[in-house]
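Structure first, commentary second.
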Amino acid sequence: MATGKLSGTTGRSDRAGTTDRRIDALLTLLSENPTVVISGEKIARHIGVSRSAVWLWTHRLRALGVRVKGHPRTGYRIERVPDVLSPSLLRRRLRDSPFGKRIYHYFKTASTNSIALDLGHAGEPHGAIVLAEEQTGGRGRAGRSWHSEKTNGIYMSVLLRSQISPIVAPVITLVAGLAVRDAVQEETGVAGDLRWPNDVLADGKKFSGILTEMYAKPSQVRFVIVGIGINVNHTAMPAELTRVATSLRLITGKPVSRLQLLVRLLRRLDSYYNRFLAEGSRPILARFAEVSTYARGKRVRITTGGESYVGTSDGLEPNGLLRVRRDDGKTAVVISGDVSEAN
Ligand code: BTN
């Protein structure tokens, strides 16, 4: 089985059945007792299956790439604690967070943003998160794709339901970028640069991107999906990306715990988002200007629609859009488009 889903933080049946909850429970039990051989009987009780079915469930776990040693007579032990973003492990660490309540986890899916959009339309509440170990159709901005290699990255979409005006919605992208930047710095010591609006860079190469999609009525946002991709443990990037993209492992030379990084990220997201709701965009813009070399005084090339021009960044508008003093003397407010460093 290559495709699997771990869900069941909600009490009701997950989107396609309940079986994967047992995989999640089994994974958690084995991960939390890594040096111990656990009897088939104990596993059966813990995950709620018959003793004779335990072998089948451990087999399913192996098929998902988790190394489990043992068999029905001797009991089972995990060989190496996997860095799987298991909902039950996450939920325990996020007890006090709105993002720990409803977690949808996929081993393989096309795009977590697409699933989160469907969930949003189906009435899923604020704070639900969708995670994938691998995406086959990860989506980036401007119709680009997002390289989503198996178990090495964080591929997550967060559903936010807020009563904000669509005009200030771009600030949410900045909120997410700040959360990624802080979480990465806390976990790895890497102080990323933010390239407006949504890229997080180190040494000029991108290791994280954010795709914000919203569903809104003219005067009010119904929900926003914040899709976050982080290249965490990639040991190499595909040839066509090596010039522009990197991973945290390539930067630090060490593997990084995705689980710990994700917990930090969700905590930072909660705190920046609440600050935005309580105090408006001002503190977010101020923080962005502090940590982004792109916010002011940077020579930039803007490519938007069919147009491309060079200028110098000149701060952010109250709604989070980038002001640029163009070399031809005009002032532009960039709504969307690509920003790159210019000479
Ligand atoms: C970009 O830099 O262009 C944005 C990339 C966003 C990628 C993330 S990965 C999780 C979520 N699901 C997607 O399909 N895209 C976003």
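The values are calculated or read from the model by the stated rules, or taken from the named source; none is laboratory data. Keep in mind it's a predicted model, so treat the numbers as computed, not measured. All Cβ positions, glycine included, derive from the backbone under ideal geometry; neighbour counts span all protein chains shown. Heavy atoms of the whole protein, side chains included, go into the accessibility calculation; ligands, DNA and RNA do not. Shrake-Rupley method; radii C 1.70, N 1.55, O 1.52, S 1.80 Å.
Within segment 188-217, take every residue that is in contact with a Phe, Trp or Tyr (Cβ under 8 Å, 6 or more places away or on another chain) and near the ligand (Cβ under 10 Å from one of its atoms) and give me the one that is farthest from Gly138 (Cα to Cα).
Per the stated criteria, the residue is Arg195.
Just to check your reading of the model, which residue among Val168, Val175 is open to solvent by less than 20 Å² (accessible area, probe 1.4 Å) and in contact (Cβ under 8 Å) with a residue 60 or more places away in the chain?
After ruling out the rest, the residue left standing is Val175.
Can you list the strands (runs of 3 or more DSSP E) lying wholly within segment 95-163 that have 3 or more residues being within 14 Å of the chain's Cα centre (by Cα) and within 8 Å of the ligand (Cβ to nearest atom)?
In segment 95-163, the matching strands (runs of 3 or more DSSP E) lie at 153-160.
I'd like the residue in segment 95-124 that is polar (S, T, N, Q) and surrounded by 22 or more Cβ atoms within 10 Å (Cβ to Cβ) and, out of all such residues, is farthest from Gly40 (Cα to Cα).
Asn113
Of the residues Ser219, Ser271, Ser208, only one is on the phi < 0 side of the Ramachandran plot and touching a Gly at 6+ places or on another chain (Cβ under 9 Å); which?
On inspection, the qualifying residue turns out to be Ser208.
Among the residues of segment 43-94, write down those that are in a helix (DSSP H, G or I), out of contact with any His (no Cβ under 7 Å at 6 or more places or on another chain), touching a residue at least 40 places away in the same chain (Cβ under 8 Å) and open to solvent by less than 10 Å² (accessible area, probe 1.4 Å).
Result: Leu90, single match.
Of everything in segment 188-241, what is within 30 Å of Pro125 (Cα to Cα) and β-branched (Val, Ile, Thr)? Give them in sequence order.
Result: Val200, Ile210, Thr212, Val221, Val224, Ile225, Val226, Ile228, Ile230, Val232.
Do you know which residues across segment 219-235 are of a type in the set (Gly, Ala, Ser) and open to solvent by less than 60 Å² (accessible area, probe 1.4 Å)?
Matches in segment 219-235: Gly227, Gly229.
Checking the structure you have, find out if any residue of segment 327-335 is touching a strand residue (DSSP E or B) at 6+ places or on another chain (Cβ under 6 Å) and either among the basic types (Lys, Arg) or part of a helix (DSSP H, G or I) (or both).
no
Is it the case that segment 132-143 has a residue that's touching a Leu at 6+ places or on another chain (Cβ under 8 Å) and without any contact (Cβ under 8 Å) to a residue 60 or more places away in the chain?
Yes, segment 132-143 contains at least one residue that is touching a Leu at 6+ places or on another chain (Cβ under 8 Å) and without any contact (Cβ under 8 Å) to a residue 60 or more places away in the chain.
Do we find that Arg301 is touching a strand residue (DSSP E or B) at 6+ places or on another chain (Cβ under 7 Å) and open to solvent by 70 Å² or more (accessible area, probe 1.4 Å) in this structure?
So Arg301 passes the test.
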